[in-house]
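Read the structure below first, then the notes.
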Ligand code: ADP
């Protein structure tokens, strides 16, 4: 995979009718890093990811992907570059798990053509990596929320893109699977130089796994930088209105956040 993937957003705005979701949003993202997007509910995180994957277009401002306006890319070409693991995943049809993962191969399979051996191999590899191959033939409709979430992660991996976007992709997972997904995704950054842009609510996971944090508030970038630079008590107080302390944790060997329970800032 080539490694020139980068985004440049300048004064991007987006609104839903009269509700502004992003306003004057300016940010650059470069290849080979794990970015964590952190911010309160409703601050525009999902909208931001939708813009990066090309399913929404900026109302104003510019969004460049590898130096070209993202809107100039053909859908199929962009889908070979960027995959999204959405927050909500509803398939109202009785597909098997492997059929859902195969959907990740759509940018490579021509209309009316059948999947190639390579396509099936990628599906198998993605299911093996996430550890879901043993339920490949089961119906997606009979799976638990957490199992479905792992299937959707495998679907995005089968898409075989240098950039992966995660919208709270571990919210239904128990701690074992949460750590598994984060570990595998981190390895994709380390070993393959892929770029990960993930909405993460749990600040300790963000601090443990990300290279850079993008704090968002009310549709804007509030602070951005490395975990060491921006994950601190004033930033958490400003963005979430929560009193926190950040300390190096000797067991996990990273900085971790603790909260003051029962006495939050107003
Ligand atoms: P987040 O992912 O940070 O929770 P979103 O990007 O989903 O935030 O939403 C940003 C803002 O846009 C919120 O105020 C939300 O209510 C609004 N919004 C999101 N989707 C829609 C929609 N389909 N129609 C109207 N308003 C929306």
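A few points about this structure:
- With respect to the conditions (1) assigned by TED's automatic domain parsing to the domain that holds residue 11; (2) crowded, with 16+ Cβ neighbours inside 10 Å; (3) farther than 22 Å from residue 163 by Cα, residue 246 lacks only one, and its number is (1).
- Counted residues, segment 27-46 - those being surrounded by fewer than 20 Cβ atoms within 10 Å (Cβ to Cβ), under 14 Å from residue 12 (Cβ atoms) and within 16 Å of the ligand (Cβ to nearest atom): 1
- Filter pass, residue 76 being in the same structural domain as residue 54 (by TED's automatic domain parsing), under 22 Å from the mean Cα position of the chain (by Cα) and within 27 Å of residue 56 (Cα to Cα): yes
Okay, residues lined up against (1) more than 14 Å from the ligand (Cβ to nearest atom); (2) over 18 Å from the mean Cα position of the chain (by Cα); (3) in contact (Cβ under 8 Å) with a residue 40 or more places away in the chain:
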{"position": "8", "(1), (2), (3)": "yes, no, yes"}
{"position": "17", "(1), (2), (3)": "no, yes, no"}
{"position": "55", "(1), (2), (3)": "no, no, no"}
{"position": "65", "(1), (2), (3)": "yes, no, yes"}
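- Selection status of residue 188, in contact with a helix residue (DSSP H, G or I) (Cβ under 7 Å, 6 or more places away or on another chain), in a helix (DSSP H, G or I), at pLDDT 95 or above and more than 27 Å from residue 41 (Cβ to Cβ): no
- Output for segment 26-48, where each listed residue is touching a helix residue (DSSP H, G or I) at 6+ places or on another chain (Cβ under 7 Å) and assigned to a strand (DSSP E or B): 34, 36, 37, 38
- So residue 254, is it touching a strand residue (DSSP E or B) at 6+ places or on another chain (Cβ under 9 Å) and more than 16 Å from the ligand (Cβ to nearest atom): yes
- Residue satisfying condition, being touching a residue at least 24 places away in the same chain (Cβ under 8 Å), away from the ligand (no atom under 16 Å from the Cβ) and touching a helix residue (DSSP H, G or I) at 6+ places or on another chain (Cβ under 6 Å), within set 85, 97: 97
- Note on segment 82-94: among residues that are surrounded by 15 or more Cβ atoms within 10 Å (Cβ to Cβ) and either modelled with pLDDT of 95 or more or under 20 Å from residue 49 (Cα atoms) (or both), the one that is farthest from the chain's Cα centre (by Cα) is 89.
The values are calculated or read from the model by the stated rules, or taken from the named source; none is laboratory data. All figures in this text were calculated on a predicted structure; none of them were measured in a lab. In this analysis, Cβ positions are derived from the backbone assuming ideal geometry, glycine residues included, and neighbour counts consider all displayed protein chains.
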